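Everything on this sheet refers to the single structure shown next.
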Amino acid sequence: MNSSAKFLLVVVGPTAVGKTSLCLKLAKKFNTEIISADSRQFYKETEIGTAKPSIKERSEVPHHFIGHKSIFDSYDVKIFEKDTLKLLEKLFENKDLVILTGGSGLFVDVVCNGMDEIPGVEPGIRKALIELYEHKGIEHLQSELRQVDPAYYQEVDLKNPQRLMRALEVSRATGKPYSSFRKKHKQQRPFEVIKVGLKRERADLYQRIDLRMDQMIEEGLFEEAYSLFPFRYLNALQTVGYSEIFGYLEGKYDKEEAIRLLKRNSRRYAKRQMTWFRRDQEITWFHPEEEHNVFAFIRERVQNK
């Protein structure tokens, strides 16, 4: 490997596709470390519901940005960009290639390309949106976003009210879609980016999602959600895997329905992730079990640079 060049290997794909397993093999193969770009895994209190790599897996290869924050901390994509670039600068002192992986497309994009400055918004606009959410529910936020910014509606986590409100407040303040302010100017980085995407046939992926959910429940997902229930309004917990159980704990439906919703919403989340990643023409796609082809592809990209 050319030690004068530095490479960020980005491995993306939907939940349960097999990113963790492949990234462990890649990290060992290239003697490197893994940075998580999964915004759901940043928080130490959400161990089971975010399907973090196991303690054993994390002991085999150094992982970064997993459980490094509390659900009570304020943490956003711009801070993540700053933290990741600082960490990469340090890691590249001894590594020629570092792995960035996760299913949070926005967090991956900001490391690779930077992020355009979003216009400031008057506090009154956010206050009005918060009141709308509190009185009429998340469905009204979703409905408005679908009307004013259908492009972002197809990409955003529709279960995350903070992201919905952020998009709507910019739209209300400027009269333009939130998506129109994003990724206009790609920033130059002091490293080359190699993008690998993992995909499976839909039936296979959905079966893996259902099996993973059964395993998480067996490991104590409901008990973990119960312990977090008093803090359910925190932004970090507005995500698939917890909101469905919170509804059960609030008495809206029974446990069987909660499990059905957990699986259904996880499948829908995977579909939204794929919609996001398919936009990126720089991604080369592989089946997770094609590891030898992935190794060969990476080596070719590195050697030809």
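Structural remarks
- Of the residues making up segment 280-299, those that are free of Cβ contacts under 8 Å to residues at least 24 places away in the same chain and either surrounded by 14 or more Cβ atoms within 10 Å (Cβ to Cβ) or assigned to a helix (DSSP H, G or I) (or both) are Glu290, His292, Asn293, Ala296, Arg299.
- Filtering segment 127-161 to residues that are in a loop (DSSP other than H, G, I, E, B) and out of contact with any helix residue (DSSP H, G or I) (no Cβ under 8 Å at 6 or more places or on another chain) leaves only Gly137.
- Residue that is surrounded by the fewest Cβ atoms within 10 Å (Cβ to Cβ), among those in segment 52-76 that are more than 19 Å from Leu88 (Cβ to Cβ) and aliphatic (A, V, I, L, M): Ile55
- Output for segment 26-44, where each listed residue is among the polar types (S, T, N, Q) and in contact with a Ser or Thr (Cβ under 7 Å, 6 or more places away or on another chain): Ser36, Ser39, Gln41
- Positions within segment 234-257 being among the aliphatic types (A, V, I, L, M), over 20 Å from the mean Cα position of the chain (by Cα) and buried (at least 20 other Cβ atoms within 10 Å of the Cβ), in sequence order: Ile245
- Among the conditions (1) surrounded by 13 or more Cβ atoms within 10 Å (Cβ to Cβ); (2) touching a residue at least 40 places away in the same chain (Cβ under 8 Å); (3) closer than 22 Å to Gln41 by Cα, Lys95 misses just one, which is (3).
- The set of residues in segment 246-293 that are within 30 Å of Arg182 (Cα to Cα) and aliphatic (A, V, I, L, M) comprises Ala270, Met274, Ile283.
- Residue identified as outside any loop (DSSP other than H, G, I, E, B) and either of a type in the set (Lys, Arg) or crowded, with 22+ Cβ neighbours inside 10 Å (or both) among Leu100, Leu106, Leu85: Leu100
Here is a yes/no grid of residues against (1) of a type outside the set (Ser, Thr, Tyr); (2) assigned to a helix (DSSP H, G or I); (3) outside the structural domain of Asp204 (by TED's automatic domain parsing):
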{"residue": "Cys23", "(1), (2), (3)": "yes, yes, no"}
{"residue": "Ala27", "(1), (2), (3)": "yes, yes, no"}
{"residue": "Gly67", "(1), (2), (3)": "yes, no, no"}
{"residue": "Ser74", "(1), (2), (3)": "no, no, no"}
{"residue": "Ile79", "(1), (2), (3)": "yes, yes, no"}
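- Test: residue in segment 116-126 that is assigned to a helix (DSSP H, G or I), charged (D, E, K, R) and modelled with pLDDT of 85 or more: no
- The condition (being of a type in the set (Lys, Arg), under 18 Å from Ser39 (Cβ atoms) and free of Cβ contacts under 8 Å to residues at least 60 places away in the same chain) is satisfied by just one residue among Arg264, Arg232: Arg232.
- Residue check: Pro53 meets all listed conditions (1) under 23 Å from Tyr269 (Cα atoms); (2) part of a helix (DSSP H, G or I) but one, namely (2).
- Breaking point among (1) at pLDDT 95 or above; (2) part of a loop (DSSP other than H, G, I, E, B); (3) in contact with a strand residue (DSSP E or B) (Cβ under 7 Å, 6 or more places away or on another chain), for Lys305: (1)
- Taken as a whole, the condition of being touching a residue at least 40 places away in the same chain (Cβ under 8 Å) and on the phi < 0 side of the Ramachandran plot applies to Arg40.
- Segment 206-224 residues that are over 12 Å from Ser266 (Cβ atoms), paired with ones that are among the charged types (D, E, K, R) and surrounded by 14 or more Cβ atoms within 10 Å (Cβ to Cβ) (beta carbon under 7 Å, 6 or more apart): Glu224/Glu47
- Here Leu9 fulfils each of the conditions (1) part of a loop (DSSP other than H, G, I, E, B); (2) modelled with pLDDT of 95 or more apart from (1).
Here is a yes/no grid of residues against (1) over 18 Å from the mean Cα position of the chain (by Cα); (2) β-branched (Val, Ile, Thr); (3) assigned to a loop (DSSP other than H, G, I, E, B):
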position: Pro190; (1), (2), (3): yes, no, yes
position: Ala203; (1), (2), (3): yes, no, no
position: Gln207; (1), (2), (3): yes, no, no
position: Asp210; (1), (2), (3): yes, no, no
position: Ile217; (1), (2), (3): yes, yes, no
position: Glu223; (1), (2), (3): yes, no, no
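The values are calculated or read from the model by the stated rules, or taken from the named source; none is laboratory data. Predicted model only: the values in this text are computed from it and were never measured. Note: ideal-geometry Cβ built from the backbone for every residue, glycine included; neighbour counts use all protein chains shown.
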